[in-house]
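What follows is a set of notes on a single structure, which appears directly below.
The values are calculated or read from the model by the stated rules, or taken from the named source; none is laboratory data. These numbers come from a predicted model, not from an experiment. All Cβ positions, glycine included, derive from the backbone under ideal geometry; neighbour counts span all protein chains shown. The protein model used for the area step is the full one, side chains on, heavy atoms only, and it has no ligands, DNA or RNA in it. Shrake-Rupley method; radii C 1.70, N 1.55, O 1.52, S 1.80 Å.
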Amino acid sequence: MYTQALNTAEADDRSLEDAGRAAQFQARIDAEERIEPNDWMPAAYRKTLTRQISQHAHSEIVGMLPEGNWITRAPSLRRKAALLAKVQDECGHGLYLYAAAETLGTSREELVDAMLAGKAKYSSIFNYPTLTWADIGTIGWLVDGAAIMNQIPLCRCSYGPYARAMIRVCKEESFHQRQGYEIMLTLCRGSDEQKAMAQDALDRWWWPVLMMFGPPDATSQHSDTSTKWKIKRFSNDELRQKFVDATVPQAQYLGLTIPDPGMIQDAEGHWRYSEIDWTEFKQVLAGNGPCNRDRMAARRKSHDEGAWVREAAAVYAAKRQARQTAQAAE
Amino acid sequence: MPAANIEVSETPLVLYALRRADDALILGHRLSEWCGHAPMMEEDMALSNIALDLIGQARELYTYAAKAEGKDNDEDKLAYLRDVRQYRNLLLVEQPNGDFAQTLVRQFFYSAFADLYWRAMMTSRDATLAAIAAKSEKESAYHLRHASEWIIRLGDGTDESHRRAQAAVDHLWAFTGEMFAVDDGERALIHAGIAIDPGTLRGRWLTTLSDVVGEATLTLPQNDWMQQGGRAGRHSEHLGHLLSELQSMQRTFPGQTW
């Protein structure tokens, strides 16, 4: 890839990570300056961002599978085209994010290989199945809605390429979210059967979506340094609460019931949700979600079955280059 | 409302639009099956893009077929409530994706035709068809470029890619003749200046093919036996399965708005 153009060798030299540089770096972050690929950065900052951006990219790519599951069965031509365009957008986000991660010195191939080897994570939400058409509406409304809550603050992330990628990604995600909500609205204004389908999807997705914001603040591992480096600007619980407060009125407008009988609105207007079942979260994270194995198997299958195509493209490109060089020499 | 098949009054103009709409929808559907499963992300994007263009063409052509028919059919009824015997697409476009070579050779054969066809159709006396042709031609030119580049890469790539590409050419060749065939109803439209005669495009189509296939170090089959039947609803066994998936929601939940 193009990573060799960057000054990563310098940054890898730990001896240069002297206290002065680190202080200077932190001062830039505190002054809300953007860190760019060729700037000096602490190795841990590079590592944290590479992990976060690549996980984000993997999530976009794996996230194509549950929604792609309905492209061939979308109920109208308009929905089919919109869903296909949406899943294509997710792929674009993945590519865009891998490119942002590459500016930190790791190639896309390496990052993808780590994911296929099960060494890198992707968002757990995609380990749940899409059983009905209403799941497509719900994913747009809630999963993309939760993603936006997480990602809007990332548009101000201290690392320039990531922040810029997120601006574009957020614009598209917000369109997807409205599209998902519109699917739900159509179902909820439709027949009893359609409304039941919408409620069933909300029932299944609600809790997993709340888990998307990550473990409660009290147990979160990465937050402190990420906050200091202005990669993360709000805590998991803050974002989760923001999301719930925004979503409850939307569910009410649809006439759907949030599957949390214990939920109450407090004096300040916040919707207080019941305790989340973190055992389920840990199980899905550990590979025991309903679709973990299917998702990884599907990604590996595409990768393995596509190997001969990628090889052919590389061999042809080399042949062509050699011919052009030979021609130029004549 | 039951999910029974609709009836379509297939006047020559309705049938004409339906045939092209079915080509575009079925090929678009096939390409959409790759989304999320392509050999590289760039191709997930490219194949989805082409699928979107084709589904867009299908929607315009169905809408026009419904208008020409003048009953209460619409794009979705035409797509979702006709059975395999009522579909009018070419046998070529319903052939399964197979490996990447088979998908790209299928696309190459079709796009090399569609590019010429829609360019010629821009002169149609039917203003709607001429407008659809103008848009489709721009898209088809890009699809042809994409497919041609892949045929060359695969043919002139590795031994394996060469073998797979040649196998796909040999396998799909017999489905190409149907693109140039014309029946009596369509002949009347040709005489009226509404449609063009696809038979007149075969020479140029072969030239495009020979150029690309030659550069790809592949060869075109010599046999000229061609399969026919798609235009009259006599399909391969593959189409029924495709339709059962495509139409499953409309058939299971009849008469609802999505």
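Before moving on, here are some points about what is shown:
- The lone exception for residue B:35 - which of (1) among the hydrophobic types (A, V, I, L, M, F, W, C); (2) in contact with a Gly (Cβ under 8 Å, 6 or more places away or on another chain); (3) more than 10 Å from chain A (Cβ to nearest Cβ); (4) farther than 19 Å from residue B:189 by Cα it fails: (3)
- Put simply, of A:146, A:134 the only residue that is in a helix (DSSP H, G or I), more than 14 Å from the chain's Cα centre (by Cα) and crowded, with 18+ Cβ neighbours inside 10 Å is A:134.
- Index of the failed condition, residue B:13 passing every other in (1) more than 22 Å from residue B:102 (Cα to Cα); (2) in contact with a Leu (Cβ under 6 Å, 6 or more places away or on another chain): (2)
- Single residue of the stretch B:221-235 satisfying the filter (within 9 Å of residue B:91 (Cβ to Cβ) and more than 14 Å from the chain's Cα centre (by Cα)) that is most open to solvent (accessible area, probe 1.4 Å): B:234
- Test: residue in the stretch A:64-72 that is open to solvent by 30 Å² or more (accessible area, probe 1.4 Å) and touching a Lys or Arg at 6+ places or on another chain (Cβ under 8 Å): no
- The stretch B:202-231, subset of a type in the set (Gly, Ala, Ser) and touching a residue at least 40 places away in the same chain (Cβ under 8 Å), residue nearest to the other protein chains (Cβ to nearest Cβ): B:216
- Residue check for residue A:298: facing chain B (nearest Cβ under 10 Å), free of Cβ contacts under 8 Å to residues at least 24 places away in the same chain and part of a helix (DSSP H, G or I): no
- Residue count for the stretch A:42-63 under the criterion of being under 19 Å from residue A:129 (Cβ atoms) and in contact with a Lys or Arg (Cβ under 6 Å, 6 or more places away or on another chain): the result is 1.
- Residue within the stretch B:73-88 that is of a type outside the set (Phe, Trp, Tyr) and under 23 Å from residue A:301 (Cα atoms) present: no
- For residue B:94, the requirement of being open to solvent by 30 Å² or more (accessible area, probe 1.4 Å) and of a type outside the set (Val, Ile, Thr) is not met.
- Search result, residues across the stretch B:157-201 that are within 14 Å of another protein chain (Cβ to nearest Cβ) and part of a loop (DSSP other than H, G, I, E, B): B:157, B:158
- The stretch B:127-139 - residue that is open to solvent by less than 20 Å² (accessible area, probe 1.4 Å) and either in contact (Cβ under 8 Å) with a residue 60 or more places away in the chain or among the β-branched types (Val, Ile, Thr) (or both) and, of those, farthest from residue B:193 (Cα to Cα): B:136
- Residue check for residue B:42: closer than 18 Å to residue B:244 by Cα, within 11 Å of another protein chain (Cβ to nearest Cβ), modelled with pLDDT of 95 or more and open to solvent by 10 Å² or more (accessible area, probe 1.4 Å): no
- Residue identified as open to solvent by less than 30 Å² (accessible area, probe 1.4 Å) and closer than 25 Å to residue B:200 by Cα among B:81, B:144: B:144
- Among the residues of the stretch B:147-162, the ones that are open to solvent by less than 40 Å² (accessible area, probe 1.4 Å) and under 15 Å from residue A:320 (Cβ atoms) come to 10 in all.
- Test: residue in the stretch B:62-74 that is under 19 Å from the mean Cα position of the chain (by Cα), surrounded by 24 or more Cβ atoms within 10 Å (Cβ to Cβ) and more than 10 Å from chain A (Cβ to nearest Cβ): yes
- Evaluation of residue A:245 against the conditions (1) open to solvent by less than 10 Å² (accessible area, probe 1.4 Å); (2) without any contact (Cβ under 8 Å) to a residue 40 or more places away in the chain shows that the sole unmet condition is (1).
- The set of residues in the stretch A:156-200 being surrounded by fewer than 16 Cβ atoms within 10 Å (Cβ to Cβ) and closer than 20 Å to residue A:35 by Cβ consists of A:156, A:164, A:167, A:168.
- Check on residue B:154, in contact with a Ser or Thr (Cβ under 6 Å, 6 or more places away or on another chain) and either within 14 Å of chain A (Cβ to nearest Cβ) or not acidic (Asp, Glu) (or both): yes
- Test: residue in the stretch B:236-252 that is part of a loop (DSSP other than H, G, I, E, B) and away from chain A (no Cβ under 11 Å): yes
- The number of residues in the stretch A:83-99 that are within 20 Å of residue A:134 (Cβ to Cβ) and not hydrophobic (A, V, I, L, M, F, W, C) comes to 2.
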